Structure formats: structure tokens, C-alpha cells
Amino acid sequence: KVLEVRVGNLQQIADFDEWKIPQYDGSMLEMIRSKHALADEDNCGEFALKLWGEMSELGPAHPLAIDHGPNFRKVIMETTGHKFYWLAMDAVGHHLMIEKRNGAYRVYQAYVEQYTFGYTASQWCFG
């Protein structure tokens, strides 16, 4: 079964200050757009590794204390605060980053297959 995000379930949030990271004085989105090493990356694994490295400079990173079982979704959905998740889906060859804040989510990723089509991290962020 193909899973998809329905446009009717998406909501644009206009309060950009809500996404700011105090230690950075900006948001993750602004960080990706402004740093060429992140913006120009087209390999999803390399992009996630670089972005995680930037985020770990702002504070310690800890793995989720779960076993990818049925509680995985619950932990992400119910954990409060401003959180960042790195989903490494090696079985399908894709990595992405999820930013969660007050029940809203942002997804960051990059993907180019054999350098013929796809998108860089910057193109994903600018739409």
C-alpha cells in the first residue's frame, strides 16, 4: 500500500519565531538555507549527517530509547518540546530529518538518484 500525505491534512504555520533555536538565533530551516554545505547537499545520508552535526553543536543528542517497534510512532507523536529526529531508513536507502515543535512538524531531506533527477536540501526547503 502506498502511503501519502494528504494536502487537506497540511497546515501552514505563520509564526516563524516559534521555530527558532535559542542557541542558534534562527531556525533549522534558516540554517539549511544559509549554510552552503547543507543547502547544496543532494545525498540524503550525507545531508542528515551534516545537519545532525550542526544540531549536536547546539546541545547533546540522544538516541530514542525504543526498539523501532509499535511504540516508535507514539514516542514521536507524544513527546513534548522542540525535538529533532533523524530517521535512517537504510532498508529503503533513505534518510530524513524531522523537526517537531508544539504539535507541528517540518521534514528535511535531499535526494538525487544517479545524478539525473531529484532535489538538493535547499530545493526541498524553498519548494
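Laboratory data are not the source of any read-out in this text; all were calculated from the coordinates shown. Everything quoted here is computed from the prediction, not taken from an experiment. Because the Cβ atoms are built from the backbone with ideal geometry, glycine has one as well, and the counts that use them run over all protein chains shown.
What FRET efficiency would be calculated for the residue pair residue 91, residue 17, taking the C-beta separation as r and a Förster radius of 41 Å, to the nearest 0.05?
Details: r = 38 Å, r/R0 = 0.92.
Computed FRET efficiency for residue 91 and residue 17: 0.60.
Whole-Hz Karplus values for region 22-36 come out as x, 5, 9, 6, x, 9, 4, 4, 5, 4, 5, 5, 9, 9, 4 Hz, taken residue by residue from phi with 6.51 cos²θ - 1.76 cosθ + 1.60 and θ = phi - 60°; glycine and proline positions read x.
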